[in-house]
Amino acid sequence: VLFDAIAGLTHEIRRYGLFNFVMSNGDCLFAHASTLLHYIVRKAPFGKARLLDDDVMVDFSEVTTPNDKVSVIATLPLTRDETWSQLAVNELVMFQDGDIVLSDRPNNPVYMSAEEGLEIARAVGVSV
């Protein structure tokens, strides 16, 4: 019921322009992409990953337990040696316990390139 309500509001609000968001009610995490949003779900066995924007390696096994599941959502992928997934333009997803459990994706999904997304950001004055 909550997902359907948020989906309805999201459809209405995005008619007014670009509208990316991530929000939570403490039990579920909702993410919507008008432009660029990527996500990754990490779970055991945790490995290492190198950041895209710095020569830094992170060993996730040092900061997690075998029972952890970690979902990360970002405009663009943050690491270079992991597989990130992209939300389609105008897709809404609901994460619960680290996994996507519901999705409202357009019938013919379109995926924006990083260049297109950064150009939109620059056009509205975001420093990227």
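Derivation of every value follows stated rules applied to the coordinates shown; laboratory data play no part. Remember, predicted model here, so these are calculated numbers, not experimental data. A quick note on method: Cβ atoms are made from the backbone with ideal geometry, for glycine too, and the neighbour counts reach across all protein chains shown.
Say R0 is 22 Å: what FRET efficiency, to the nearest 0.05, do THR75 and ASP97 get from their beta-carbon distance?
Working: r = 24 Å, r/R0 = 1.08.
With a Förster radius of 22 Å, E is 0.40.
Geometric descriptor of region 24-87, per residue, is 95 Å³ (volume of the convex hull of the Cα atoms).
Simple spin-label model, 7 Å along Cα-to-Cβ: GLU82 to VAL22 in nm? Roughly 1.1 nm, to one decimal.
Modelled this way, with points 7 Å down the Cα-to-C-beta line, the labels at ALA5 and LYS48 are 4.7 nm from one another.
Using only Cα atoms, find the angle between the long axis of helix 2-13 and the longest principal axis of the chain, and express it within 0 to 90 degrees, rounded to the nearest 10. Around 60 degrees separate the two axes.
Overall shape: oblate for the chain, with the ratio a/c of the largest to smallest alpha carbon gyration tensor axis at 1.5 or above and b/c at least equal to a/b. If you plug the beta carbon distance of VAL126 and ASP55 into 1/(1 + (r/R0)^6) with R0 = 30 Å, you get a FRET efficiency near 0.70. Between the Cα long axis of helix 114-123 and the first principal axis of the chain there is an angle of about 60°, rounded to the nearest 10.
Calculate for the chain the 222 nm mean residue ellipticity that helices alone would give, adding -39,500 (n - 2.57) per DSSP H run of length 4 or more and normalising by residue count, nearest 500 deg cm²/dmol.
Numbers: 2 runs with 22 residues, N = 128.
Per the formula, -5000 deg cm²/dmol.
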